[in-house]
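Read-outs throughout are calculated quantities, based only on the coordinates presented, and are distinct from any laboratory measurement. Given the structure is predicted, the values throughout are model-derived calculations rather than measurements. Here the Cβ positions follow ideal geometry from the backbone for every residue, glycine too, while neighbour counts run over all protein chains shown.
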Amino acid sequence: MAIMITDECINCGACEPECPNTAIYEGGMEWTWGGGTDLDNVEMEDGTLVAADAPQDPVSDEFYYIVPSKCTECIGFHEEPQCAAVCPVDCCIPDPDYEETEEELLAKKEWMHL
């Protein structure tokens with residue numbers, strides 16, 4: 001399960017530097033697949049290839065957000081999600097829309113970090 005940032009976020013930014021996958025971005029900022037990973041290109045579900053450095057639309061314009069496809073809950077890096085560990089208002093919580101097993105999260109980590 002990916003982690004999500006709720007609308008209780010106070011935009012302090014404490015979570016962003018803690019993410020080993022660079023999956024956390026400031027509200028309104030574009031993100032890339034390549035940021036913080038070893039990816040060159042990403043094959044999307046429909047088979048199209050996206051350059052890892054191609055800017056993607058922000059998930060949120062209002063507060064910090066986590067790109068679910070890049071979030072591994074810090075599996076393979078730390079014992080707990082670091083964003084949740086440092087959040088002063090406890091707004092980094094499991095995202096029920098993105099449930100993944102530990103094995104799936106480890107495979108995602110291996111895919112992003114060759």
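In the chain, the longest principal axis of the Cα atoms and the axis of helix 102-112 are about 60 degrees apart. Mean separation of Cα pairs under 8 Å and 6 or more residues apart, divided by the residue count, gives the chain a relative contact order of 40 percent. For segment 31-114, a crude dipole built from +1 on the beta carbon of Lys and Arg and -1 on the beta carbon of Asp and Glu, taken about the Cα centre, is about 320 debye to the nearest 20. For the pair THR48 and GLU103, the difference between a 0.36 nm per residue extended length and the Cα-Cα distance amounts to 17.2 nm. Among the GluC sites (Glu not before Pro) within segment 54-114, which fall in a DSSP loop and have no more than 16 other Cβ atoms within 10 Å of their own Cβ? Of the GluC sites (Glu not before Pro), the ones in loops of segment 54-114 whose Cβ has at most 16 other Cβ atoms within 10 Å are GLU62, GLU79, GLU99. What does the helix-only formula give at 222 nm for the chain: each DSSP H stretch with n ≥ 4 adding -39500 (n - 2.57), the total divided by the residues, and the result rounded to the nearest 500 deg cm²/dmol? Computed mean residue ellipticity for the chain: -4000 deg cm²/dmol.
As a size descriptor, the averaged projected area of the C-alpha convex hull of the chain was calculated at 6.7 nm².
When each of the peptides 16-24, 34-42 is scored by the mean number of other C-beta atoms lying within 10 Å of its residues, the order from highest to lowest reads 16-24, 34-42.
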